[in-house]
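Every read-out reported here was derived from the displayed coordinates using simple, explicitly stated rules and does not represent laboratory data. Owing to the predicted nature of the structure, the values given are computational and were not obtained by experimental measurement. Glycine gets a Cβ as well: all are built from the backbone with ideal geometry, and neighbour counts include every protein chain shown.
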Amino acid sequence: MDVSTKARVMNCETHGEYEAKGYELGSRITWLDCPECTRASHQKDVAELANKEALERQRLIEQRLSQAGIPLRFRNKDFASFRTDTDEMDRARSVAMEFARNFDAHAKNGTVLVFLGQPGTGKSHLALAIASAIMPAHTAMYTSAIDAVRMVRDTWRRNSEKSETQVLRALASVDLLILDEIGVQYGTESEQVTLFDIIDKRYRDQRPMILLTNSTAAEMKTFLGDRSYDRLREGGKFVIFNWESQRGNNK
């Protein structure tokens, strides 16, 4: 049976008049909906599917690294709730916001942010605000340096369900890795080697990182070792949080 096409002007409550196409099959004509509504509906479906897939990627990563998932109570950290009383604080927030806003470019370049400052100055707040801003379009993982080392060491047990390679691969594959409390280790050579393995793999794959430390740059270099520190310094941006603790202010 032949199908012929027709056209007529129809009205959309949202987009006004449009030329509708109709397909005549026998005595029945099927008219197509408003093209703008159809396009918007398609874009919504695509966005919902992308969001669902991103959430599933995040869930699988957190499942593989259950110790390293971003705590739910910290996922509400955002840039608006970060209080800025000084130019230095405002600059730190601006650096974090730019990193989140242009994350695709930073992901391509493997940019590293290093936040240095005393406890309570908002380093974790801004790092987690970045993570919240890029999720769920991207995956993010937050863990302390000692927990990252512990995750690798746990694979050395005879009854471990994961291999060292699997854990290192998971830490390397997440879009953004946040390593907190750099320097709160025992300072052993074994810890340095493990952290180097993590940092070096992300460095080679040009994967972005954020490192947080209560130490100075010199102390951090001592904890991490020359090889790891050199990789962070290459293309890395160091931000000094040189103000008093804001505990109770940045909620």
Could you point to the residue in His138, Ala96, Leu168 farthest towards the positive end of the chain's charge dipole, with +1 and -1 charges on the Cβ of Lys/Arg and Asp/Glu respectively? Leu168
If each part is reduced to its alpha-carbon centroid, the range 136-202 and the range 116-131 end up apart, in Å, by 20 Å
Output the 0 to 90 degree angle, nearest 10, between the alpha-carbon long axis of helix 145-154 and the longest principal axis computed from the alpha carbons of the chain. 90 degrees
If amide H atoms are modeled at 1.01 Å from N in the peptide plane, then the residues at a separation of 5 or more from Tyr142, or on another chain, having amide H under 5 Å from its own are Ile70, Ile178
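For the range 131-170, what mean projected area does the convex hull of the alpha carbons give, in nm²?
3.4 nm²
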Hey, could you pull the Cα Rg and Dmax for the chain, both in Å? 24.8, 83
Under a Cβ-only charge scheme (Lys and Arg +1, Asp and Glu -1), can you give me the dipole magnitude of the chain about the Cα centre, in debye to the nearest 20? 460 debye
With a sphere of radius 14 Å drawn around the Cβ of Phe238, what net charge do the other residues whose Cβ falls strictly inside it have (Lys, Arg +1; Asp, Glu -1)? +2
Which entries in the list Lys6/Lys52; Lys52/Lys201; Lys201/Lys237; Lys44/Lys123; Lys44/Lys237; Lys52/Lys221 go over 30 Å, if you measure between the two C-alpha atoms of each? Lys6/Lys52; Lys44/Lys123; Lys44/Lys237; Lys52/Lys221
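What list do you get for Tyr203, Tyr18 if you sort them by fewest beta carbons within 10 Å?
Working: Tyr203 22, Tyr18 16.
Arranged by neighbour count, lowest to highest, Tyr203, Tyr18 become Tyr18, Tyr203.
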On a 0 to 90° scale, report how tilted helix 164-173 is relative to the longest principal axis of the chain, with both axes built from alpha carbons and the result rounded to the nearest 10. 60 degrees
What is the order of Ser228, Ser215, fewest Cβ neighbours within 10 Å to most? Ser215, Ser228
Sort out the exposed loop GluC sites (Glu not before Pro) in the chain (DSSP loop, at most 13 other Cβ within 10 Å) and tell me the longest stretch that has none. 14-160
Nearest-20 debye value, the range 3-47 charge dipole, Cβ charges on Lys, Arg, Asp, Glu: 160 debye
Restricting things to alpha carbons, find the Rg to Rh ratio for the range 3-47 using the Kirkwood radius for Rh. 1.07
To the nearest 10 degrees, how steep is helix 189-204 against the longest Cα principal axis of the chain, on a 0 to 90 scale? 30 degrees
Sort Thr14, Thr86, Thr213 so the one with the fewest other Cβ atoms within 10 Å of its own Cβ comes first. Thr14, Thr86, Thr213
Take the Cα radius of gyration of the range 152-251 and divide it by 2.2 N^0.38 Å, with N its residue count; two decimals is plenty. 1.19
Relative contact order, percent, the chain [alpha-carbon distance under 8 Å, six or more residues apart]: 24 percent
Taking K and R as +1 and D and E as -1, what net charge do the other residues with C-beta under 13 Å from the C-beta of Asp226 add up to? 0
